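The values are calculated or read from the model by the stated rules, or taken from the named source; none is laboratory data. As the structure is a computational prediction, the values presented were derived from the model and not from experiment. So basically every Cβ, Gly included, is an ideal-geometry build from the backbone, and we count neighbours across all protein chains shown.
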Amino acid sequence: MSITREDAWTLLQKHVHTPNLISHALAVEAVMRYFAKQFGEDEEQWGVIGLCHDIDYEQYPEEHCIKALDLLTDAGWPEFYIHAVQSHGWGLCCDIEPISRLEKTLYTIDELTGLVSATALVRPSKSILDLKVKSVKKKWKSKAFSAGVDRSVILKGTEMLGMELSEVIDWTIKGMQEIALELGLVGNP
């Protein structure tokens with residue numbers, strides 16, 4: 001059984017109402033689709049999992065990635081999808097390790113989308129459309145900038161994927177650029 005984007009969107013709207021969380025879900029979906037395309041994987045599957053990766057966060061922040069099991073099981077999601085969603089919290093809020101390339105990608109880019117968004121918003125253009133990897137890497141070095149972004153998770157994920165940090169940042173930017181309007185990151189490039 002596969003889950004359609006429409007199914008995932010309906011489920012997300014049932015459990016997530018905060019605009020920032022919805023925007024984050026859309027960013028992660030877009031980046032997951034971009035990585036899937038680069039890897040020759042199923043873009044729909046990767047996107048759906050990215051879209052609903054924080055399905056339990058708004059209602060159950062103390063049980064994040066744990067409560068997702070119940071919500072997704074009740075919605076009839078396959079075990080593979082559920083494991084992928086839960087594994088993005090590995091070492092943070094659960095002990096489900098990311099195994100597949102899909103899971104490792106989600107684990108890696110979840111935090112990174114926040115750093116990329118924040119970097120775009122502090123630029124004079126306030127746009128992701130002209131954002132470069134070097135700008136994100138410059139902000140990466142400032143621990144005070146987007147202090148909530150756990151850079152160690154991104155680095156661990158990058159290593160698990162066998163990719164360079166610059167390439168992961170580049171692909172994340174490119175994925176988010178595809179939906180810049182929806183993310184409110186068009187700005188004035």
Looking at (1) closer than 29 Å to Leu181 by Cβ; (2) of a type in the set (A, V, I, L, M, F, W, C); (3) not in a loop (DSSP other than H, G, I, E, B), which is the only condition Phe80 fails? (1)
For the stretch 18-45, which positions are farther than 15 Å from Ile173 by Cβ, assigned to a helix (DSSP H, G or I) and among the small types (Gly, Ala, Ser)? Ser23, Ala25, Ala36
Going through the stretch 71-97 one residue at a time, which ones are touching a residue at least 60 places away in the same chain (Cβ under 8 Å) and surrounded by fewer than 16 Cβ atoms within 10 Å (Cβ to Cβ)? Gly76, Pro78, Gly91, Leu92
Considering each of Thr172, Thr158 in turn, give the residue that is touching an Asp or Glu at 6+ places or on another chain (Cβ under 9 Å) and either of a type outside the set (D, E, K, R) or not in a helix (DSSP H, G or I) (or both). Thr158
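So which of Ser117, Ser127 is hydroxyl-bearing (Ser, Thr, Tyr) and not in a helix (DSSP H, G or I)?
On the way: Ser117 fails: not in a helix (DSSP H, G or I).
It is Ser127.
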All but one of (1) of a type in the set (Ser, Thr, Tyr); (2) part of a helix (DSSP H, G or I); (3) more than 13 Å from the chain's Cα centre (by Cα) hold for Ser2, so report the exception by its number. (2)
Within the stretch 48-69, does at least one residue satisfy the condition of being more than 21 Å from Thr172 (Cβ to Cβ), surrounded by fewer than 19 Cβ atoms within 10 Å (Cβ to Cβ), modelled with pLDDT under 95 and of a type in the set (A, V, I, L, M)? yes
Residue list for the stretch 18-47, filter: in contact with a Gly (Cβ under 8 Å, 6 or more places away or on another chain) and surrounded by fewer than 18 Cβ atoms within 10 Å (Cβ to Cβ): Ser23
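Suppose we filter Gly162, Gly157 for residues that are touching a Pro at 6+ places or on another chain (Cβ under 9 Å) and either modelled with pLDDT of 95 or more or loosely packed, with under 14 Cβ neighbours inside 10 Å (or both); which single one remains?
Working: Gly162 fails: touching a Pro at 6+ places or on another chain (Cβ under 9 Å).
None of the other options fit; the residue is Gly157.
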Just a yes or no: is a residue in the stretch 114-126 buried (at least 24 other Cβ atoms within 10 Å of the Cβ) and within 22 Å of Pro19 (Cα to Cα)? yes
